[in-house]
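Okay, structure first, notes after.
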Amino acid sequence: MKIAYGENLLVRKRVVGLKRVAVLTSGGDAPGMNAAVRAVVRKGIYHGIRIYGVERGFAGLINGSPLNPLWLGSVADIIHRGGTILLTTRTPEFTAAANQEKAADYLKAEGIDGLVIIGGGGSLCGALALQRRGIKVVGIPATIDNDIAGTSSSIGFDTAVNTIVDAINRLRDTATSHERIFVVEVMGRESGFIALAAGLAGGAETVLVPEIDYQLPEICRRLMAGMERGKLHSIILVAEGAASGYQISEEIKEITGLETRVTVLGHLQRGGSPTAADRILASQMGAEAIERLRNGESGQMIALEGGKLVGVPLKDILDVGKAFPEENYRLTRILSI
């Protein structure tokens, strides 16, 4: 083993055909993205691969932003940080074939042998588009929504759920003191995975999600029944795609006459230091992405299945909706009686 001090780089035997790998983060940020970037960089350097960071996701590729070499020191002290040091954007213009071709041509011109894309469903769609244009690419699922098919968990989900549960715990204190109903609106425009997991873990009385219809009069009946048996408070968790928290609050107040308060957590759910579970998952997925590229594999997403990391073809999962765990939804209702 030879140490090149000037580059802060451990140089080992290089893998033939894989010398330069780029990494980018795209779409909504998720706690643990930095841990994944760190793993990609350090696993790559361990195997003698030069790693380059693409700033601002697909926008950086379209605009031909300079590729920044990432050394060991570049990713020091980031495993505990939320957000992404590479910055991120939502880039709808990347759906245009011309921009996809432009990005692929740019990567080829820069001599990039492989690309790791960290992000949600839209980012993985972009990964597949680049793979079809001759770029060797591996995707890593990173979204607090946890709505990507093929993997039981995505980077950032555990942290977001814990953030909501912490908020519920705090709100319950004041809800009990004032004998109020609190409506908590959480993220989830198209999926209720966050709301359901947080509701089950936080002991919410009611969870509203886009996947399942609800009847507000029935919810109000249950709230009144709880109050009649001496219940001092209730927590109602609402995914933003199911309804507006303010709308639900007003309708409950109108039907029951009970005093309600609304808390919209918004982007608080995206920030904060990632949990240990997210740091471990991100580290494992980042390292596995490099390993897949070293083995000549491409067009895959690193997925968690049955507690193990596997590679699933991007083309098999991107048009498939993730099954909503209705058994957990029923359990939430049972435990809230």
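Every number here is computed from the coordinates shown, using simple stated rules; none is lab data. Remember, predicted model here, so these are calculated numbers, not experimental data. Quick reminder, even Gly has a Cβ in these numbers, built from the backbone with ideal geometry, and neighbours come from all protein chains shown.
Put simply, when 133-146, 29-42, 96-109 are sorted by average Cβ atoms within 10 angstrom per residue, most first, you get 29-42, 133-146, 96-109.
The mean sequence distance of close C-alpha pairs (under 8 Å, at least 6 residues apart), as a share of the length of region 158-271, puts its relative contact order at 40 percent.
Per residue, the chain reaches -12500 deg cm²/dmol at 222 nm when only DSSP H runs of four or more residues are counted, each adding -39500 (n - 2.57). Take the Cα of Glu254, step 7 Å toward its Cβ, do the same at Thr95, and the gap between the two points is 3.4 nm. Rounded to the nearest whole Hz, the Karplus-based 3J(HN,Hα) values (6.51 cos²θ - 1.76 cosθ + 1.60, θ = phi - 60°) of region 79-91 follow the sequence 4, 9, 8, x, x, 8, 5, 7, 6, 8, 9, 8, 10, with x at glycine and proline. Placing +1 on the Cβ of every Lys and Arg and -1 on the Cβ of every Asp and Glu, with nothing else charged, gives region 158-271 a dipole about its Cα centre of roughly 300 debye. Close amide H partners of Gly48, meaning residues 5 or more places away or on another chain with modelled amide H under 5 Å apart, are Arg12.
Quick check: from the Cα gyration tensor, does region 111-213 come out rounded (a/c under 1.5), prolate or oblate? Judged from the Cα gyration tensor, region 111-213 comes out prolate (a/c at least 1.5, a/b above b/c).
Mind jotting down the distance between the C-alpha centroids of region 187-250 and region 263-327, whole Å? Region 263-327 and region 187-250 have Cα centres separated by 28 Å. DSSP assigns beta bridges within the chain; of those with both partners inside it, close to 30 percent run antiparallel. As a rough footprinting exposure proxy, the listed residues Lys322, Lys19 were ranked by other beta carbons within 10 Å of their own, and the order from fewest upward is Lys19, Lys322. In terms of packing, defined here as the mean over residues of other Cβ atoms within 10 angstrom, the peptides 305-312, 20-27, 190-197 line up highest first as 20-27, 190-197, 305-312. Our coupling estimate for region 299-304, obtained by passing each phi through the Karplus curve with A = 6.51, B = -1.76, C = 1.60 and θ = phi - 60°, is x, 10, 10, 6, 10, 9 Hz, Gly and Pro reported as x.
Applying 1/(1 + (r/R0)^6) with R0 = 41 Å to the Cβ-Cβ distance of Ala277 and Arg221 gives a FRET efficiency near 0.65. The H on the amide N of Lys322, modeled in the peptide plane, is under 5 Å from the matching H of Ala149, each at least 5 residues off or on a different chain. Highest mean packing comes first when the peptides 65-72, 227-234, 255-262, 154-161 are listed by Cβ atoms within 10 Å, giving 154-161, 65-72, 255-262, 227-234.
The stretch between Lys308 and Arg170, if pulled fully straight at 0.36 nm per residue, gains 46.2 nm over its current Cα-Cα span. Computed from the C-beta positions of His80 and Tyr46, the FRET efficiency with R₀ = 25 Å rounds to 0.75.
The string of couplings for region 208-215 from the Karplus curve (6.51, -1.76, 1.60, θ = phi - 60°) is 10, 10, x, 6, 10, 5, 10, 10 Hz, one whole number per residue in order, with x for Gly and Pro. Scanning residues 5 or more positions from Thr275 or on other chains, those with amide H under 5 Å from its amide H are Thr159, with H placed 1.01 Å from N in the peptide plane. A simple spin-label model places the labels of Lys19 and Ile334 6.0 nm from each other, with each point 7 Å out along Cα-to-Cβ.
Of the options (1) 52, 51, 40; (2) 73, 40, 35; (3) 51, 49, 43, only one is Cα extents along the principal axes in Å as computed from these coordinates, and that is (2).
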